[in-house]
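Please treat every number below as a calculation from the coordinates, not as lab data. Only a predicted model underlies this, so the values are computations on that prediction, with no experimental measurement involved. All Cβ positions, glycine included, derive from the backbone under ideal geometry; neighbour counts span all protein chains shown.
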Amino acid sequence: MGAAMPVTYSAPMTQSRPMVTTTYESRPLDESRIIRAQPVYKGEAPVYQGLGSAEPSMFADIPEAAPDAILSLATLFKEDKFPQKVNLGIGAYRTEEGKPWPLPSVLEAQLAVCQDPTEDKEYVPIDGKPEYKLPVQKLCFSDAAIASGCVATAQAISGTGSLQIIGQFLSNVLSCTTLWIPNPTWGNHTAIFNRAGVEVKKYTYYKPSTRGFDFEGMIEAIEAIPSGDAILLHACAQNPTGVDPTPEQWVVIVGLIKRRGLVPILDNAYQGYASGDLEKDGFSMKLFEDEGLEYFIAQSFAKNFGLYGERIGYIHCRCATKEITTAVLSQLKILIRQAYSSPPRHGAAIVNKVLTTPALKEQWLNELSFMAQRILQMRDALRGEIEARQTPGTWEHITDQIGMFSFTGLDTNQVKRMVEEFHVYMTKDGRISVAGLNPGNVAYVAECIDIVVREA
Ligand code: LMR
């Protein structure tokens with residue numbers, strides 16, 4: 001292992017902006033810091049001699065893994081025969097009737113894509129179709145930033161796939177082997193980055209006593225993060241807490257990240273769900289741009305286009321110069337080629353059709369706002385129902401929190417009762433997907449919360 005080497009570079013970002021100088025600690029890869037998947041064989045692997053032999057399976061010692069904490073809830077819910085069952089588990093939008101909602105704008109775009117005689121089934125470039133990039137960049141960056149040619153963009157497999165490639169980039173290309181994530185965060189973050197060989201540590205984010213944001217705690221934690229480490233932030237509508245910094249707090253956080261010389265990664269999975277307005281929800285991303293920082297964005301279209309199963313998203317990396325942008329994109333392409341060669345066509349074509357057809361785009365924005373409003377109404381309704389029962393505790397957090405989720409404050413035992421006795425499916429950490437509530441089930445859910453809280 002060689003010695004750590006501070007690398008300083010100055011990046012003139014735009015003519016109107018001052019020179020930005022950042023010092024990163026460039027470290028050689030330290031194998032001992034990398035957490036790798038543990039081999040499941042304890043001793044020597046058995047010699048496989050074919051079915052029916054003394055050693056009939058080379059898979060015999062493989063233990064069964066635990067089911068995924070979020071996705072398995074959907075299966076349990078489906079299998080449950082209880083008539084009043086409620087699914088507040090997975091973060092996916094549901095209608096007032098509790099049904100999935102393929103957005104009408106998206107269905108129309110899909111029809112147009114399917115009927116387009118120029119659409120074929122050929123491979124697309126490793127980083128996606130070049131003509132698709134501008135419309136998706138515009139959701140995250142200013143026109144000036146895009147025109148500067150300093151945004152590297154690659155289509156990816158929704159948010160998870162984008163994060164996976166970014167993780168691999170941290171570890172393989174940047175030799176950045178430590179990432180700091182909020183405590184708590186989406187359950188898959190740690191596993192995604194560990195798999196890429198990145199060690200994951202947590203910074204303070206949530207204050208259980210207020211069920212709100214712990215600004216002081218986060219600032220104190222970031223102050224102690226070594227320069228050159230990566231930090232992950234949710235661009236808006238934090239998952240699972242539904243608790244975001246205020247705009248003023250974001251300014252301080254971004255300034256501090258800049259001063260500390262950290263590598264920012266913005267997980268942008270819920271743009272439009274916090275306020276119903278894409279621009280408002282893009283505030284934190286804009287701040288990183290305005291501060292002249294280099295940063296990654298993992299952009300998912302699962303939630304805001306309702307394209308969950310199409311697995312469509314984009315990786316963006318804002319870079320200091322055009323030359324650096326070209327180099328970064330080339331490395332992203334290497335990683336993508338190794339992982340899955342090139343991205344799928346269909347979801348990307350749909351997103352592009354919506355974003356480049358003015359009438360469809362307007363319709364989509366209205367539908368997005370409608371979904372966000374319905375969730376807000378359900379927050380009001382749930383809080384109202386709980387308070388009407390005078391359930392012990394305070395419940396403002398249900399309406400203070402934003403986005404798709406509410407972090408109810410129910411503990412593990414209370415959640416267990418909600419799921420096992422009352423058939424209200426939610427994650428163990430007490431998170432509910434507010435989108436799963438509707439006028440037909442909100443009173444029942446409130447009643448169940450009332451019971452488990454009183455009987456705790
Ligand atoms: C969630 O948090 O429920 C969603 O992001 C779905 C998922 O993949 O976990």
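Among Asp229, Asp116, Asp80, the ranking by other beta carbons within 10 Å of each residue's beta carbon, starting with the fewest, stands as Asp116, Asp80, Asp229.
Legend: calculated FRET efficiency, Ile334 to Ala456, from the Cβ-Cβ distance at R0 = 45 Å, rounded to 0.05, equals 0.30. Peptides 346-352, 99-105 ranked from most to least packed, by the mean per-residue count of other Cβ atoms within 10 Å: 346-352, 99-105.
Going from the residue with the fewest nearby Cβ atoms within 10 Å to the one with the most, Ile253, Ile165 rank Ile253, Ile165. Charges were assigned to the Cβ only: +1 to each Lys and Arg, -1 to each Asp and Glu. The resulting dipole of region 306-451 about its Cα centre is roughly 980 debye.
Beta-bridge orientation, the chain: approximately 55 percent antiparallel, per DSSP, counting only bridges with both partners inside.
So for the chain, taking the charge dipole from beta-carbon charges (+1 Lys/Arg, -1 Asp/Glu), which of Pro182, Tyr48, Pro226 sits furthest toward the positive end? With unit charges placed on the Cβ atoms, the residue in question is Tyr48. Between Ala359 and Glu79, full extension at 0.36 nm per residue minus the direct alpha carbon distance yields a gain of 96.8 nm. Take the Cα of Ala147, step 7 Å toward its Cβ, do the same at Gln115, and the gap between the two points is 3.7 nm. Helical content of the chain, expressed as a calculated mean residue ellipticity at 222 nm, amounts to -11500 deg cm²/dmol (DSSP H runs of 4 or more residues, -39,500 (n - 2.57) each, divided by residue number, nearest 500). The residues neighbouring Gly436, those whose beta-carbon lies less than 13 Å from its own, together hold a net charge of +4 under the Lys/Arg +1, Asp/Glu -1 convention. Ordering Gln414, Ser433, Ala196 by Cα displacement along the dipole of the chain toward the positive end leaves Ala196 in first place; charges were set at the Cβ atoms of Lys, Arg (+1) and Asp, Glu (-1).
Ranked by the mean number of other Cβ atoms within 10 Å of their residues, highest first, the peptides 127-135, 174-182 fall in the order 174-182, 127-135. Each of Val453, Val424, Val124 was scored by other Cβ atoms within 10 Å of its Cβ. Listed from fewest to most, they are Val124, Val453, Val424.
Have a look at Ile70, Leu368, Gly292 and report the one farthest towards the positive end of the charge dipole of the chain, computed about the Cα centre with Cβ charges (Lys/Arg +1, Asp/Glu -1). Comparing the listed Cα positions along the dipole, Gly292 ranks first.
Pairs from the list Lys202/Lys303; Lys133/Lys322; Lys207/Lys286 with a Cα-Cα gap above 19 Å: Lys202/Lys303; Lys207/Lys286. Within region 105-359, antiparallel bridges make up roughly 45 percent of the DSSP beta bridges whose residues both belong there. Taking Cα centre as origin and charging only the Cβ of basic (Lys, Arg, +1) and acidic (Asp, Glu, -1) residues, the dipole magnitude of the chain rounds to 460 debye.
In this structure the amide hydrogen of Thr178, modeled in the peptide plane, comes within under 5 Å of the amide hydrogens of Glu199, Ala230, none closer than 5 places in sequence on its chain. A Cβ-based charge dipole, computed about the Cα centre of region 63-113 with Lys and Arg at +1 and Asp and Glu at -1, lands at about 120 debye. The slack in the chain from Ser341 to Lys428, taken as 0.36 nm per residue of separation less the alpha-carbon distance, amounts to 27.7 nm.
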